[in-house]
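The values are calculated or read from the model by the stated rules, or taken from the named source; none is laboratory data. All values reported here derive from a predicted model rather than from experimental measurement. Here Cβ is always computed from backbone atoms with ideal geometry, including for glycine, and neighbour counts include all displayed protein chains. Please note that ligands, DNA and RNA were not included when accessible areas were found on the heavy atoms of the full protein model with its side chains. Shrake-Rupley method; radii C 1.70, N 1.55, O 1.52, S 1.80 Å.
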Amino acid sequence: MMSVTKPQPPGLVAASELFQLLRDGAPRTRAELAAITGMARSTIGLRLDTLLELDLISPIGDAASSGGRPPSQFALNPSARVVIGADFGATHATLAVTDLAGTGLLSRRAPVRIADGPETVLAWFVDAARTLLADVGRTQSDLLAVGLGLPGPVEHDTGRPVTPPIMPGWDGFDVPGRIRDELGVVALVDNDVNIMAIGERTRIYPGVRDVMFVKVATGIGSGIISGGLLQRGAQGSAGDIGHVRIERGTGVACHCGNFGCLEAMASGPAIVRQLRREGVDVADTDGLVELVRRNDIAAIRAVRQAGRDIGEVLTVCVSMVNPSVIVLGGRVSGAGEHLLAGVREVVYQRSTPLATQHLSIVQTREAENAAVIGASVIALQYALSPEGIGAMSTAR
Ligand SMILES: [Zn+2]
């Protein structure tokens, strides 16, 4: 998906490598760049010229006041180009256009049914993306890449969904191919919980290398960032904890065909079903969260038990990947402290003291924005990589 078939000029490859130093936005002088890279000042000058031509960096400082001398410092030019991030849920999508420093310029949420299939949904997306670009005064030629989060499993290397349960018609669909045909850029596609993990970590825990994001909603899944890198596993299904069997689930059928899965006991619909069996009047997950907020004892008890069930599985995860932070997100996490309390109760009790000594288990702070931020981040990571810059200049 991400391979660029056109050969890249060697000067450009070298320039894009130098650019990796300037990506952080800090201004640097030619002398500093030469010292860091060990390259000759003349070489640095040539590569800076290439990056200036692409408009990716700008001169900073006192060029005008110092009598026509070359500018002394250079830094990333955040407004040179833009990326679009998009998060698709079952019934809504959020799109955001972001500059090269990751600053959001405009975002928009709209009702879209993912079950309408890829033709309809992606045609809508392409239209919405063009409108968003126009609304921030940009054109399609300013767009560098697109990041997309989908509510189902995605094969990472190809960006194709793999038998996604709530996405009829999407199995194996070439999502990046369609977006490239319409918008002319590379599209990075991932599942929604992976991009939530990336978004939450980028904004709230930028210095933390080991973060696990657990989404508790209609389904239950997690995104694992270990050693600073998102772990997708061999087929992209790493972190898929919803269908791990838990003690309390013995004999309970799950929609996946197995029995006793975490998702069959602790997801929003599962908690709602249990409460209705007890005679509680609750329609859906939003209703459940509302009951908890009104201090309904039965709802609180059910959510806390779901937290314990999730904690049972997370105890194993803590042993395997030793995160510093576990973030709980998704609609059920709107029930707040009660879900957290159940998770903490089990994880702290059953894990080794060394693994939990510095472990925080917290509620999401970015909430529904985490996913679209993460989608923008994966688009930016590609766009500003040597490969992304090579693709950009050959397209010009
Ligand atoms: Zn299952």
* Structure fact -> Kirkwood Rh for the chain from C-alpha pairs, in Å, is 22.7 Å
* Tabulate in residue order the Karplus-calculated ³J(HN,Hα) for region 288-299, using 6.51 cos²θ - 1.76 cosθ + 1.60 with θ = phi - 60°, rounded to whole Hz; enter x for Gly and Pro. => 4, 4, 4, 4, 4, 5, 8, 6, 5, 4, 4, 5
* To do: Mind putting together the pair-distance distribution for region 114-158? All Cα pairs, 10 Å bins, whole percent per bin, short to long.
  => 21, 47, 28, 4
* Could you check how many percent of all C-alpha pairs in region 26-164 are farther apart than 25 Å? => 47 percent
* Identify, among 143, 195, 128, the residue whose Cα sits farthest towards the positive end of the charge dipole of region 116-245, taking +1 on the Cβ of Lys and Arg and -1 on the Cβ of Asp and Glu, with the dipole about the Cα centre. => 195
* **All-pairs alpha carbon distance profile, region 235-302, 5 Å steps from 0, percent** => 3, 18, 24, 19, 17, 12, 5, 2, 0
* **Long-range amide H partners of residue 363 with built H, under 5 Å** => 328
* Structure fact -> With a Förster distance of 35 angstrom and the Cβ-Cβ distance between residue 135 and residue 31, calculated FRET efficiency to the nearest 0.05 equals 0.25
* Placed amide H near residue 188: partners under 5 Å, 5+ positions off or other chain -> 146, 147, 148
* Structure fact -> Between residue 180 and residue 350, Cβ-based FRET efficiency (R0 51 Å, step 0.05) works out to 0.60
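Excluding ligands, DNA and RNA, what is the solvent-accessible area per residue of the chain at a probe of 1.4 Å, expressed in Å²?
It amounts to 45 Å² per residue over the chain.
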* Size of charge dipole - region 278-396 - debye, nearest 20, with Cβ of Lys, Arg +1 and Asp, Glu -1, no other charges -> 360 debye
* Asked: What is the gain in length, in nm to one decimal, between residue 40 and residue 247 on full extension, counting 0.36 nm per residue of separation less the C-alpha to C-alpha distance?
  -> 68.1 nm
* Tell me, what % of the accessible area of the chain is carbon and sulfur with a 1.4 angstrom probe? -> 51 percent
* Structure fact -> As a Kirkwood estimate from alpha-carbon pairs, region 98-181 has a hydrodynamic radius in angstrom of 14.0 Å
* **Tilt relative to the chain, helix 10-22 - C-alpha long axis, 0 to 90 degrees, to 10** => 60 degrees
* Asked: What span do the alpha-carbon atoms of region 173-330 cover on each of the three principal axes, reported in whole Å from largest to smallest?
  -> 54, 37, 33
* Asked: Hey, what's the Cα Rg ratio for region 243-385 versus the globular rule of thumb, 2.2 N^0.38 Å?
  -> 1.14
* **Using θ = phi - 60° and Karplus 6.51 cos²θ - 1.76 cosθ + 1.60, couplings along region 334-347 (whole Hz; Gly, Pro as x)** => x, 6, x, 4, 5, 5, 4, 4, x, 4, 4, 3, 7, 5
* To do: Among DSSP beta bridges whose residues both lie in the chain, state the antiparallel percentage, nearest 5.
  => 60 percent
* Asked: With all protein chains present and a 1.4 Å probe, how do 202, 285, 163 order by accessible area, largest first?
  -> 163, 202, 285
* Top to bottom by accessible area (1.4 Å), largest first, where do 201, 273 land? -> 273, 201
* Structure fact -> With the 8 Å Cα cutoff and a minimum separation of six or more residues, the chain has a relative contact order in percent of 17 percent
* **Residue-by-residue Karplus 3J(HN,Hα) for region 149-165, coefficients 6.51, -1.76, 1.60, Hz, glycine and proline x** => x, 10, x, x, x, 10, 6, 5, 5, 9, x, 9, x, 10, 5, x, x
* To do: Kindly work out what percent of the DSSP beta bridges joining two residues of region 141-273 are antiparallel, to the nearest 5.
  => 70 percent
* Structure fact -> To the nearest 10 degrees, the tilt of helix 268-277 (Cα long axis) against the first principal axis of the alpha carbons of the chain is 10 degrees
* Structure fact -> From most to least accessible, 1.4 Å probe, no ligand or DNA/RNA atoms counted, 376, 72, 141 line up as 141, 72, 376
* Asked: Taking Cα atoms, how many degrees apart are the long axis of helix 41-53 and the longest axis of the chain, rounded to 10 and kept between 0 and 90?
  -> 70 degrees
* Structure fact -> Long-range share for region 298-349, i.e. C-alpha pairs more than 12 Å apart as a percent of all pairs, stands at 61 percent
* What 222 nm value per residue comes from the helices of the chain, counting each DSSP H run with n ≥ 4 as -39,500 (n - 2.57) and dividing by all residues, nearest 500 deg cm²/dmol? -> -13000 deg cm²/dmol
* **Size descriptor, Kirkwood hydrodynamic radius, that averages inverse alpha-carbon separations across region 332-379, Å** => 12.7 Å
